[in-house]
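See structure below.
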Amino acid sequence: MRRYSEEIKADVRRQMSPPNRQSVARISEETGIHVATLYVWRKGWRRCLSALLSARGAWVEHLNAVYCALLFMGHESRKSVAFQYPFVGGCAGP
């Protein structure tokens, strides 16, 4: 089984990503890397992205809960939370 450097994988990842997304077949022709290998890499990258987005979603939910608790308690820290994390603040205060 052939090993590929992280630099080659990063280059392939860029070619598979927007805005200049290329087909797996084309990347395989250009690089000489078998299409099955490219599909395995792409599947792994998509799993990582999905996990990161899920983790971010949980983090945002947690921050929203903290923000709402601070808001309903009238706590001044809510301003700092809303400033540092502008996507937080999805609840109405008293």
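What to note about this one:
- The stretch 4-52, subset modelled with pLDDT of 90 or more and not in a helix (DSSP H, G or I), residue most open to solvent (accessible area, probe 1.4 Å): HIS34
- Residue check for ALA55: part of a helix (DSSP H, G or I) and modelled with pLDDT under 90: yes
The values are calculated or read from the model by the stated rules, or taken from the named source; none is laboratory data. Since the structure is predicted, the reported quantities are computational estimates derived from the model, not experimental observations. Just the protein is used for accessible areas: all its heavy atoms, side chains included, with ligands, DNA and RNA removed. Shrake-Rupley method; radii C 1.70, N 1.55, O 1.52, S 1.80 Å.
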